[in-house]
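J.: Okay, handing you the structure first.
The values are calculated or read from the model by the stated rules, or taken from the named source; none is laboratory data. In this text the structure is predicted, and so the values were computed from the model without any measurement. Please note: Cβ atoms are built from the backbone with ideal geometry, for glycine as well, and neighbour counts cover all protein chains shown.
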Amino acid sequence: MSQKPTVNRGLQVYSSADLLKIVARDKFGNNSRVSVEQRWTQLDSVTAIMVAARCAPVFAVITGRANRVSSLEWHIESIRKEEAKIAEELKTYYSLFQESDRPSPMMAGRRLKLLMAARQHLPDLFSDFSNFQSALYRWGKRIQAIKEEKSNQIEDFFSQPAPGQLWPDFIKQYTQDLLIHGRVAIYKQIGNDNLVDNLSILPGGSVVPIKDKYITGGLHGYVQFTDGTEMPQLFWSDEISFGSYMPNSATIWGLTPIDALINLVSENLLFNQLMAAKADGSTPPEKLVIFGITDPGMGDIGDDSALDPADPDEQRRIENKLNQIKREAGVATLTGVGNATILDLTRADTLPTQLSRQDQINKYVAMVYNASNLEINETGGDGTSGRSTSETQERIENGKGVRPILRIAEEQFSREIIPFRFGYGWQLRFETSMSPSEKADLAIKLGQGGSLSKNEIREQVWGLDPKPGEQNDALTDGNAQPTNDQMVDQLAARLAR
């Protein structure tokens with residue numbers, strides 16, 4: 001006898017106490033009771049921004065990344081699955097037509113059907129398929145022109161995501177929210193035509209996903225918290241596009257870099273405050289003067305049990321005397337009762353250690369944010385080669401620093417924003433630089449792999465237009481020996497490195 005499976009399966013929390021029930025209002029004005037996870041992060045959103053703005057190493061890495069991302073060229077390209085499918089079908093028609101050259105009524109009918117099917121996309125195709133490669137090339141150019149016009153429309157939309165805001169400012173906010181709060185929420189304002197009209201980044205850290213006790217399907221919901229003066233806002237995936245810097249299976253809050261640096265940042269801020277207090281030439285009291293009362297019965301100054309507080313007026317006189325010493329008065333005289341003991345408060349021997357710790361803090365910040373040597377101004381010096389830094393900078397950025405942010409943005413815009421206005425089939429791509437020698441190596445490897453044609457390599461690696469001719473559209477033979485011209489090109493590419 002079969003049993004019905006249990007409905008509630010797959011716990012999403014370590015404890016039910018991790019969830020908090022709240023009431024939020026959706027776009028129709030309806031109030032709904034939903035569950036969200038209690039805060040895991042050490043810092044609230046406002047404090048995280050203040051820490052990032054006041055700690056110089058953190059500020060440098062975050063703003064450097066934001067400026068780097070905003071300066072990259074980007075474009076909208078089509079997802080060529082449908083186009084490639086049609087091209088493969090046309091090539092199949094051509095191959096079958098070539099095989100149907102025997103003189104028989106059945107073959108003649110077959111050739112006619114193949115011709116009619118191919119002419120749906122290649123209207124200028126000759127009846128004997130003799131100009132197939134040229135017709136296919138012209139068809140590709142027509143499709144490319146249509147797609148370029150469409151991609152230009154999409155690029156114009158993203159150039160100004162919202163009134164009064166251009167793309168560089170938008171993507172800077174996007175990058176900062178990811179690096180400060182560990183998550184970013186883009187609000188998709190829907191127009192009267194049910195298409196996305198404007199894009200706005202909601203205040204960093206204010207939006208979190210809804211989380212139930214058990215894994216559930218359906219729409220993903222999000223809640224925007226306020227300071228308590230406004231009711232929380234409830235959004236669904238048709239209104240919010242949500243991205244996370246370092247998602248974690250245990251918490252919807254994800255992992256944030258600043259949480260890993262909180263103690264180091266506090267140390268840095270306190271040290272900077274200490275140095276700022278001394279920067280104007282004046283210093284806090286650096287000597288503590290202890291007067292011992294030697295009257296009979298009062299004991300010795302070294303006896304803690306015998307210490308009595310001074311008279312309030314006398315204490316105030318001594319404090320004023322100590323705190324108002326002018327710089328030109330290097331020595332001040334004091335009068336008091338008993339023998340005086342001076343306690344040194346300068347901690348001068350710890351200053352070099354503190355300065356060394358600041359260098360360590362900078363390196364820890366770089367480690368947490370996966371920053372390269374250039375990002376922390378170590379482009380040459382002890383233990384760091386300027387040449388090796390410049391040679392590996394791009395690879396480091398792509399692998400650890402900037403490239404992960406670009407990948408998050410590419411997927412988020414391509415899957416959750418572009419389809420809501422322009423339909424499926426388009427994707428946003430950032431143009432990361434690649435040296436000519438690296439492009440040559442990539443082209444050689446793709447050619448030797450035998451999975452791409454020469455024209456596909458020209459388009460995908462070099463960004464060049466395809467060339468007509470069957471030999472350029474055929475797949476490369478990965479096992480074939482290179483020609484003399486190819487060997488010369490390969491040698492020139494290696495020498496160019």
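J.: Can you tell me which of I154, I171 is farther than 30 Å from Q38 by Cα and not small (G, A, S)?
T.: Just one listed residue meets the conditions, I154.
J.: Given the conditions (1) more than 48 Å from the chain's Cα centre (by Cα); (2) under 24 Å from D465 (Cβ atoms), report the number of the one that L115 does not fulfil.
T.: Just one mismatch for L115, condition (2).
J.: While we're here: Kindly provide the set of residues from segment 5-30 that are surrounded by 10 or more Cβ atoms within 10 Å (Cβ to Cβ), touching a residue at least 24 places away in the same chain (Cβ under 8 Å) and either closer than 16 Å to S206 by Cβ or not charged (D, E, K, R) (or both), ordered by number.
T.: Within segment 5-30, N8, L11, Q12, V13, L19, I22, V23, A24, R25 qualify.
J.: Would segment 151-166 turn up any residue that is closer than 30 Å to I262 by Cβ and modelled with pLDDT of 90 or more?
T.: No, segment 151-166 contains no residue that is closer than 30 Å to I262 by Cβ and modelled with pLDDT of 90 or more.
J.: Also: Answer yes or no as to whether A84 is small (G, A, S) and in contact (Cβ under 8 Å) with a residue 24 or more places away in the chain.
T.: Against the criterion (small (G, A, S) and in contact (Cβ under 8 Å) with a residue 24 or more places away in the chain), A84 does not qualify.
J.: Only one of these is in a strand (DSSP E or B) and at pLDDT 90 or above: K188, K172. Name it.
T.: Exactly one residue qualifies, and that residue is K188.
J.: Here's something else I'd like to know. Condition first: within 31 Å of the chain's Cα centre (by Cα) and of a type in the set (F, W, Y). Now tell me which residues in segment 133-174 satisfy that.
T.: If the condition is that a residue be within 31 Å of the chain's Cα centre (by Cα) and of a type in the set (F, W, Y), then F157, F158, W167, F170, Y174 are the ones that fit.
J.: I'm checking my understanding of the structure. Among residues of segment 40-55 that are surrounded by fewer than 15 Cβ atoms within 10 Å (Cβ to Cβ) and touching a residue at least 40 places away in the same chain (Cβ under 8 Å), which one is farthest from T226 (Cα to Cα)?
T.: R54
J.: Report, by residue number, each residue of segment 154-165 that is of a type outside the set (D, E) and loosely packed, with under 13 Cβ neighbours inside 10 Å.
T.: S159, P163, G164
J.: Answer yes if at least one residue in segment 119-126 is surrounded by 12 or more Cβ atoms within 10 Å (Cβ to Cβ), among the basic types (K, R), over 42 Å from the mean Cα position of the chain (by Cα) and farther than 30 Å from L406 by Cβ, and no otherwise.
T.: Yes - at least one qualifying residue is present in segment 119-126.
J.: Residue by residue through segment 228-262, note down the ones that are part of a strand (DSSP E or B), crowded, with 20+ Cβ neighbours inside 10 Å and not β-branched (V, I, T).
T.: Q233, L234, F235, S241, G243, listed by residue number.
J.: Just to verify a result, which residue in segment 129-138, among those that are part of a helix (DSSP H, G or I) and touching a residue at least 24 places away in the same chain (Cβ under 8 Å), is surrounded by the most Cβ atoms within 10 Å (Cβ to Cβ)?
T.: Only one residue tops the list, namely L136.
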